[in-house]
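Contents: one structure, followed by commentary.
The values are calculated or read from the model by the stated rules, or taken from the named source; none is laboratory data. Not measured: the values here are computed from a predicted model. For neighbour counting, all protein chains shown are included, and Cβ atoms are generated from backbone atoms with ideal geometry for every residue, glycine included. Quick note on the areas: whole protein, heavy atoms, side chains included, nothing else; ligands and nucleic acids left out. Shrake-Rupley method; radii C 1.70, N 1.55, O 1.52, S 1.80 Å.
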Amino acid sequence: MSVTSEIRATLRDRAAAVLRDNDEGNWTKASPILYPHQWSWDSAFIAIGWAHLDVGRAMTELEQLFTAQWATGMVPHLVFRADPGHPYFPGPEWWDISVSPAAPAPPLQTTGICQPPVHALAVQRIWQLTPQARRPEIRARIHALYPRLVRWHHYLATNRDPEASGLVTTFHPWEGTDNSPRWDRALERIKVAKPGPYTRLDSSEVPDPSQRPTNWDYDRFLWLVEQLRKYRYDDALIYREYPFLIKDVFFSAIFVAANAALLDVADVAGASADDREQLTRWLDRGRAGLASRFDAQSGQCIDYDVRAGEDIRVRTFADFAPLFARTADAGQRAAQMRLLDSEDFCGHPRLRSRLLPSTSPAEPAFEPQNYWRGPVWPVINWLLWQSLSLLGYSARADEIRRDSLSQIAAAGDLNEYFEPFTGKPLGSPQQSWTAAVTLDWAASDHGSEAS
Ligand code: 9WN
């Protein structure tokens, strides 16, 4: 399907309207009803979207998020904002971060876990989009935020990687891709999984609850939060006692790209030699960590369940961690590109277009409508598009951009995710991060109008 300049202009207007409607002044709701607070990696994507409308507003989004940074350096996965207009569950009572001395002081309320560190990519993109006249202001703001970004990365490189393996350990499915089949075995191993009584709100807020995680998932998600709270969100204690620890190759890949991005803006930020040296160390270590999880035969990069001591072999978008990390290894790149367009992924004959589905249609756990178990997520395809562009696969990258824009244009409502065979829009409409990547794609025309 072609994406004419007219369609692009309409999409730009619609996407800008979504960000403006979800704007709360200095932070942006992830979506108007289902997610009425400030989410961490959503905010980073959202900042990229804002950068196309107002680079100052883009910086404000990140600055606000970082006011909720924990003393450990962790940037929490969700900042509860006052009076969001809609209830959200689980709210601050369930998390009760007051048990941790590292949590921010009230009235700030957050969760006690984190999400992939897309923030540095946002800063890099904001700077690229900053017009000459605003450079002094934005430079000063990047300069002020930079030490917080380095502390956030320091947290991931230490508390979340005590083995110094170059791989980040995630503590909860909500640290990115909630009901991905990547977590199924680890969740199945959890025997005592009845949390305290609760009422879900999310399943009544999407038109079809089968697009959301099941109650079985929610029991385990909530029970795990109870355990984290019991350990007072103390990372060392969690590492010793807690049942869900995963070396997550996708999260780790974003961390690699984010370290490279911080180095890229180091001069703008006036980074110290120490910071540059640390960032380079984390970057190299992350690349080596991912290489150690790469299976040359299948072309996949493989998560590792620390508690069970086993590989997680499920075909999902996370297999492409080396691409997301923009690997410099030509052999890995070639194997990944073959896998990407094989029948297991984008070459599957039933797919509507060659966009990356969250789970391979050839995987037994695949469900085309269910959240991270099959649907196409625009933000994941944006990350892939960026990587492929930077790695020089510009024709393939451009195809992802065009197909994503036409899918979003056909559906009309800037949805959270899409059915991979039909392109049917799913999940929450007016999703801010979908609007944000739409703005970025619509502005990134490499001269190819259509095809
Ligand atoms: C729980 C906000 C968030 C995204 C996550 C996505 C989803 C929340 C939920 O929505 O998770 O954090 O309630 O399902 O999985 O990646 O940040 O858009």
In the range 5-30, which residue that is polar (S, T, N, Q) and under 14 Å from Trp441 (Cβ atoms) is surrounded by the most Cβ atoms within 10 Å (Cβ to Cβ)?
Thr10
Hey, can you tell me all the residues within the range 391-437 that are small (Gly, Ala, Ser) and part of a helix (DSSP H, G or I)?
Ser394, Ala395, Ala397, Ser404, Ser406, Ala409, Ala410, Ala411, Ser432, Ala435, Ala436
Closer than 30 Å to Cys301 by Cα, among the aliphatic types (A, V, I, L, M) and in contact (Cβ under 8 Å) with a residue 24 or more places away in the chain, is that true of Leu167?
yes
How many of the residues making up the range 184-222 are open to solvent by 50 Å² or more (accessible area, probe 1.4 Å) and in contact with an Asp or Glu (Cβ under 6 Å, 6 or more places away or on another chain)?
0
Test: Ala442 is among the aliphatic types (A, V, I, L, M), open to solvent by less than 50 Å² (accessible area, probe 1.4 Å) and either within 15 Å of the ligand (Cβ to nearest atom) or farther than 15 Å from Leu356 by Cα (or both)
yes
Qualifying residue in the range 61-81 (condition: farther than 30 Å from Gln227 by Cβ, within 22 Å of the chain's Cα centre (by Cα) and buried (at least 18 other Cβ atoms within 10 Å of the Cβ))
yes
Take the conditions surrounded by fewer than 20 Cβ atoms within 10 Å (Cβ to Cβ), more than 16 Å from the ligand (Cβ to nearest atom) and either under 26 Å from Trp50 (Cα atoms) or among the small types (Gly, Ala, Ser) (or both) and apply them to Ala120. Does it pass?
no
Mind listing whichever residues of the range 398-423 are surrounded by 17 or more Cβ atoms within 10 Å (Cβ to Cβ) and either in contact with a Gly (Cβ under 8 Å, 6 or more places away or on another chain) or of a type in the set (D, E, K, R) (or both)?
Asp398, Glu399, Arg401, Arg402, Asp403, Gln407, Ala411, Asn415, Glu416, Tyr417, Glu419, Pro420
Out of the range 105-117, which residues are open to solvent by less than 20 Å² (accessible area, probe 1.4 Å) and either more than 23 Å from the chain's Cα centre (by Cα) or more than 14 Å from Gln64 (Cβ to Cβ) (or both)?
Thr111, Gly112, Ile113, Cys114, Gln115, Pro116, Pro117
Go through (1) open to solvent by less than 20 Å² (accessible area, probe 1.4 Å); (2) without any contact (Cβ under 8 Å) to a residue 40 or more places away in the chain; (3) of a type in the set (A, V, I, L, M) for Ala325 and report which single condition fails.
(2)
Considering only helices (runs of 4 or more DSSP H) wholly within the range 1-115, the ones with at least 1 residues that are away from the ligand (no atom under 16 Å from the Cβ), of a type outside the set (Asp, Glu) and within 27 Å of Ser406 (Cβ to Cβ) are 5-22, 40-51, 55-66
Taking the condition in contact (Cβ under 8 Å) with a residue 40 or more places away in the chain, in contact with a helix residue (DSSP H, G or I) (Cβ under 7 Å, 6 or more places away or on another chain) and either of a type outside the set (Gly, Ala, Ser) or surrounded by fewer than 17 Cβ atoms within 10 Å (Cβ to Cβ) (or both), does Thr359 pass?
yes
What's the number of the condition Val150 fails, among (1) more than 30 Å from Met59 (Cα to Cα); (2) out of contact with any strand residue (DSSP E or B) (no Cβ under 9 Å at 6 or more places or on another chain); (3) touching a residue at least 12 places away in the same chain (Cβ under 8 Å)?
(1)
Which number in (1) within 16 Å of the ligand (Cβ to nearest atom); (2) open to solvent by 10 Å² or more (accessible area, probe 1.4 Å); (3) in contact with a Gly (Cβ under 6 Å, 6 or more places away or on another chain) marks the one condition that Ala436 misses?
(2)
Flagged in the range 31-49 as of a type in the set (A, V, I, L, M, F, W, C) and either over 21 Å from Tyr146 (Cβ atoms) or open to solvent by 10 Å² or more (accessible area, probe 1.4 Å) (or both), in numbering order, are Ile33, Leu34, Trp39
So how many residues does the range 168-183 have that are open to solvent by 10 Å² or more (accessible area, probe 1.4 Å) and over 17 Å from His77 (Cα atoms)?
0
Would you confirm whether or not the range 132-140 contains a residue that is surrounded by 21 or more Cβ atoms within 10 Å (Cβ to Cβ) and at pLDDT 95 or above?
yes
Starting from the range 100-126, take each residue that is free of Cβ contacts under 8 Å to residues at least 40 places away in the same chain and list its partners that are within 15 Å of the ligand (Cβ to nearest atom) and open to solvent by 10 Å² or more (accessible area, probe 1.4 Å), counting only C-beta distances under 8 angstrom and pairs at least six apart or across chains.
Gln109/Phe80; Gln109/Pro92
Based on this model, can you work out whether Pro87 counts as at pLDDT below 95 and open to solvent by 50 Å² or more (accessible area, probe 1.4 Å)?
yes
Quick check, is Pro368 more than 16 Å from the ligand (Cβ to nearest atom), modelled with pLDDT of 95 or more and more than 22 Å from Arg125 (Cβ to Cβ)?
yes
